[in-house]
Ligand SMILES: C[S@@+](CC[C@H](N)C(=O)[O-])C[C@H]1O[C@@H](n2cnc3c(N)ncnc32)[C@H](O)[C@@H]1O
């Protein structure tokens, strides 16, 4: 009898540990509310770049180059990076000699933005950080030539609401670059996982055209789209 109770106790402890791991590590607090997600990023901000181990060549070939090729022609484009974190997108954009634009980086976690500001302080005001949640962007309609949001949509309270905001602030003809979570962990984001078809359909429903998904890394696809000019 004692052995059975012991076995049940171990089983219960393992189930609780697995639940906590899923809630905190795999889904990064998203089922515990926005404040929990932001708090987790704030407490790990100083370690983020070390954990991600970004590779400059990979960022250039798989993110920045396709984004620059997709952007509408402009000598000094104004770009928005939603959930900019430690400034990955602006950092690698500014490393491109052909890029002469400015980037506004929005993130809800102040400590992630503080790391971005430190990394980008040599950019003479070409980077502007704003601490703000993704589903209430403090910009007028049709402001940006490009809007990016990497590795973040699945952590927002509503990815659709955030995407609606991104589309609203994009100029007609402007580029959207976002990511779709893939891999086995993506399927544990209950009620938040999108197949490539569902993700593309959601973007088309928001009025975007030329929606295309590109395989990128183990955990993410890169999805590109354009805001139509004159509704076409
Ligand atoms: C995985 S990181 C991605 C950061 C960056 N885009 C990158 O690729 O390195 C997710 C980011 O989303 C931010 N975030 C989470 N929820 C947010 C929300 N509701 N509004 C704005 N930012 C949010 C976090 O603070 C964090 O910086």
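Taken together, the values in this text are just the output of simple stated rules run on the coordinates, not laboratory data. Treat the numbers as computed from the prediction; the structure is a model and nothing was measured. Virtual Cβ from ideal backbone geometry, glycine too; neighbours counted across all protein chains shown.
What length, rounded to one decimal in nm, is gained on full extension from residue 217 through to residue 14, with 0.36 nm per residue of separation minus their alpha-carbon distance?
My answer for the length gained is 70.0 nm.
On C-alpha positions alone, give me the angle between the axis of helix 196-205 and the longest principal axis of the chain, in degrees, nearest 10.
Here the helix axis deviates by roughly 50 degrees.
Tilt of helix 34-52 relative to the longest C-alpha principal axis of the chain, in degrees (0 to 90, nearest 10)?
Result, in degrees: 80.
Which angle from 0 to 90°, rounded to the nearest 10, does the C-alpha axis of helix 110-119 make with the longest principal axis of the chain?
Tilt of helix 110-119: around 50 degrees.
Grab the Cα-Cα distance for residue 22 and residue 100, subtract it from 0.36 nm times how many residues apart they are, and report the gain in nm with one decimal.
Between residue 22 and residue 100, full extension yields an extra 23.9 nm.
Using R₀ = 35 Å, calculate the FRET efficiency as 1/(1 + (r/R₀)^6) where r is the Cβ-Cβ separation of residue 130 and residue 31; round to 0.05.
Using R0 = 35 Å, I get an efficiency of 0.85.
Tell me, what is the FRET efficiency for residue 3 and residue 198 to the nearest 0.05, using R0 = 35 angstrom and their Cβ-Cβ distance as r?
Efficiency, rounded to the nearest 0.05: 0.15.
Neighbouring Cβ atoms within 10 Å as the yardstick, rank 107, 57 fewest first.
57, 107
For n ≥ 4 DSSP H runs only, could you compute -39500 (n - 2.57) per run for the chain, divide by its residues and tell me the 222 nm figure to the nearest 500?
-11500 deg cm²/dmol
Modelling each spin label as a point 7 Å along the Cα-to-Cβ direction, I'd like the residue 230/residue 46 distance in nm, to one decimal.
5.6 nm
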